[in-house]
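What follows is a short report on a single structure.
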Amino acid sequence: TIILEDGEYVGQFLVQYPQTIKAENPNEAIIKLPENNLEKAEIAERMRTWVIRVHDVEDVTIQGLTICGGDGAPEKIDEEEVHLLGIVYDDASGTIEGNIVQNIRRSEPGAAGNYFSYNKGILVDGATGDTSILDNTVYLHEYGRLAITVGKSQEDAAVTIEGNKVFGAGDDMVHNWLHSGITVIDVAGAVCITDNDLTDIQSARENSVGIYIISVDGISGEITIQNNRITETQFGIRIWETGNPITGDLVISDNAIYDNIYYGVYNDSDTVIDARNNWWGDAGGPSGDVNDPETGETADGDGDRINENVRFDPWYIDEDMETLSDE
């Protein structure tokens, strides 16, 4: 175990042995990206640089640190385009708990409306064993893009994303697009997304998402989205198949999904999504004038909008989520 005293530590960490790195006092040890001489590597099919990288090792815990991108990463290192990561576990496993992640962005944002990057606050790619992302706070301010991302986990690796808070900055985030609080891509293992608070995740391009489920090569793992608060985003939850379909179970239940600008749940796939037993911000249920694929009930309430292939009946008719519409 490495215990860091209060203070600022400028540098990049590369962890390749099972260990725990934690702050003596929560969030008083600041790991800050250096301005020069950054390392880079191909991670998740793109060239990246990072603040903390855990690579090819299991049972690593990162706990109670403040992860800071400083003034941001350069757009290129040695003439090669790079994207900044706050904490990354690639081909690794363990626990990421109680950290604050901020300023994960580029230092040169470019022209408003024309800027795009793959910066990520926390990335777990190719989890090799059970991995937990717990009680972290991620700020998507300025030019950041994705807060928490899980991709390509192995079949026997369960990933838990629980108790995290993701905050955007609304109209201040004008230099990027498609912000996302939690993103899950092409997982083979189970993913449980529970008790997270996702709010004010918006962009000038009007397509930002609270929870984004993406199937390119295919999703075979079971995904559970439960007991989350998703509000003031542009799309609360979005499901997108752009290649192979989702074959694992995807269940969205007991969430508070309300005051999202365009859709509470937007299903951009041919797979019917189970989104029963949620609070949509109105006792009459979601809006959208579409029918529940199973019961035929019409979404004609004043709550958040849904589209086709979304099961929503029954829904909670009170904000405390104690009473369902069919009781």
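Only the coordinates and a few stated rules stand behind these numbers; no lab work does. Bear in mind the structure is a predicted one, so any value in this text is a computation, not a measurement. Heads up, the Cβs are rebuilt from the backbone with ideal geometry, glycines too, and the neighbour counts pull from every protein chain shown.
Computed from label points 7 Å out along Cα-Cβ, the spacing between Arg205 and Glu24 is 4.4 nm. Output needed: percent of Cα pairs per 10 Å distance bin for the stretch 1-84, bins running from 0 to the one holding the longest distance. It works out to 17, 45, 32, 6, in whole percents.
Net charge in the neighbourhood of Pro18 (other residues with Cβ under 9 Å of its Cβ; Lys, Arg +1, Asp, Glu -1) is -2. If you sort the three axes of the alpha carbon gyration tensor as a ≥ b ≥ c, you get a/c of 1.5 or more for the stretch 206-295 and a/b above b/c, which makes it prolate. Based on Cα contacts under 8 Å between residues 6+ apart, the chain shows a relative contact order of 9 percent.
In this structure, the pairs whose alpha-carbon distance is over 22 Å, taken from Lys120/Lys152; Lys120/Lys165; Lys22/Lys76; Lys40/Lys76, are Lys22/Lys76.
Nearest-5 percent of antiparallel DSSP beta bridges in the stretch 15-119? The partial results should precede the final answer.
On the way: 5 of 27 bridges.
Here the antiparallel bridges make up roughly 20 percent for the stretch 15-119.
Report the extension gain between Asp270 and Gln154 in nm, rounded to one decimal, defined as 0.36 nm multiplied by the number of residues separating them, less their alpha carbon distance. List each step's numbers first, then the result.
On the way: separation 116, 0.36 × 116 = 41.76 nm, distance 2.46 nm.
This chain segment gains 39.3 nm when fully extended.
Modelled label positions at Tyr9 and Glu45, each set 7 Å beyond Cα in the direction of Cβ, lie 3.3 nm from each other.
Percent of Cα-Cα pairs more than 19 Å apart in the stretch 170-327, please.
Working: 6185 of 12403 pairs.
Of the Cα pairs, 50 percent sit more than 19 Å apart.
Percent of Cα pairs in the stretch 211-251 per distance bin of 10 Å, from zero to the largest separation: 28, 49, 23, 0. Each pair of Cα atoms in the chain enters the Kirkwood radius, and Stokes-Einstein at 4 °C and 1.567 mPa s then converts it into a translational diffusion coefficient of 65 µm²/s.
When you count, for each residue, the other Cβ atoms within 10 Å and take the mean per peptide, how do 86-94, 184-192 rank with the highest first?
Details: 86-94: 25.1, 184-192: 21.3.
For the peptides 86-94, 184-192, the packing ranking is 86-94, 184-192.
Place the peptides 239-251, 214-226 in order of packing, highest mean first, counting for every residue the other Cβ atoms within 10 Å and averaging per peptide. Write out the running numbers ahead of the final one.
Values: 239-251: 16.2, 214-226: 19.5.
Ranking the peptides 239-251, 214-226 by packing returns 214-226, 239-251.
To the nearest 20 debye, what charge dipole does the chain have about its Cα centre, counting +1 at the Cβ of each Lys and Arg and -1 at the Cβ of each Asp and Glu?
Values: 19 positive and 62 negative charges, 228 e Å.
Here the chain has a charge dipole of around 1100 debye.
For Cys192 and Asp59, FRET efficiency with R0 = 22 Å and r from the beta-carbon atoms, rounded to 0.05? Provide the component values of the computation, followed by the final result.
Working: r = 20 Å, r/R0 = 0.89.
With a Förster radius of 22 Å, E is 0.65.
Looking at the chain, the DSSP beta bridges with both ends there are about 5 percent antiparallel. In the stretch 17-60, one over the average inverse separation of all distinct C-alpha pairs is 12.8 Å, which is the Kirkwood hydrodynamic radius.
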